[in-house]
Structure formats: C-alpha cells, structure tokens
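Colleague: This is the structure I want to talk about, given as structure tokens.
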Amino acid sequence: MSDQTTPISAPGAPPGVIAAVLLTITPRWVIVVDQDQFHRYTELRRSFKATALVEVILDRRETERRRGGGSVTNDRRRDDRRGLGGAERGEAGGYRLAHRMDGCQVYEAEGWVSAQCPECRALLEFEMPRFGEPPARLELRMIHEVVRLQHAAASVRHSVETQAYSASGRELLFCRTAARRN
C-alpha cells in the first residue's frame, strides 16, 4: 500500500502539534454492483468520484462458479472463499462483506492502515473505524504531539483524527484514534 502525506497546520493546536492530511491510494471500500443494475452503477460512480477511497465496479461474472450447494469430490477447500476477508482466511488485510443493498455488495478493507508521520518520519499504523456504508468524503489527519513529563525525557505520542461525511455533506463521524509504531 502506498500512502502520500501533505503537511498542513493544525488550527488551534497547542505548540508541538503538527497535523497531516493522508491520501490513501488503495481503496478502503469496494462496491460490486450486479450486472443488471447499470443505472445504479453509474449513480454510485458519480456519488463517489471525488474519493479514491471508494471503488465502484460492475460485476462481470455471468453465473456463480459453483452451482447448487453440492460439493466437488476432489475439492480440498473446506469452505467457499468468495466474500471472505483476508483476516478470516488467515491472511493480513483483505476485504470483508460490510453491507448488502439492492443490487450491490459493499466490501470494506480489513486490517490496520499504514502511514508515515510528516514531522518525525516514523512509520505508524492505526485502525480505521468501520462504517455501515462508505463515506463520500473521508479526511484523515496525523497528529504528532510532544509530551513532556516533569522528571522524564520528552516522548512523542501519535494519533489520527478521522472525519467522515455523506454525499450530502452531513458529518457521519469524528473521532481520534491512537496510532502505534509499525
């Protein structure tokens, strides 16, 4: 995964606090729209065109690969793998089915998000909040805070502020999450 940071000032922040806007290139959400729902596909593409965090794709499969509930005699898999996230299959990352709507499925990336602090260049990771539906706009700000204790050396604490908005501009979420060193 490749992250790109652009430093910005933190409005009203105490001294020692630097913020950054994180632009994630890898999609956090993938919306798979059924073939017969082309009008929904174009509507969703238009709604999420401003964000690289959401990818809308048209399902090109013509039929399910496995028909019926029967098992294949020489198949070594124990379960159907489609729709399982990587963490459920024992892998790092992957996608999980987050939401089903009429004519489409929304998959959300699992695992921690990697980032680099623009102030100290430390490699960090944080857990992205989960959403029932993908936000139309997502703003992430990396906070680098120098903590000074009375009888100890100064240390650095990192956190990430997340703000999520709907397509109409309504705020869905605002939270601050701790980030840890990678």
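Read the figures in this text as sums done on the coordinates, not as results from a lab. These numbers were taken from a predicted model, which means no experiment stands behind them. A quick note on method: Cβ atoms are made from the backbone with ideal geometry, for glycine too, and the neighbour counts reach across all protein chains shown.
Colleague: If packing is taken as the average number of other Cβ atoms within 10 Å across a peptide's residues, how do 31-44, 152-165 rank, most packed first?
Modeller: 31-44, 152-165
Colleague: With r defined as the distance between the Cβ atoms of ASN182 and ALA152 and R0 fixed at 35 Å, what FRET efficiency is calculated, to the nearest 0.05?
Modeller: After rounding to 0.05, the efficiency reads 0.90.
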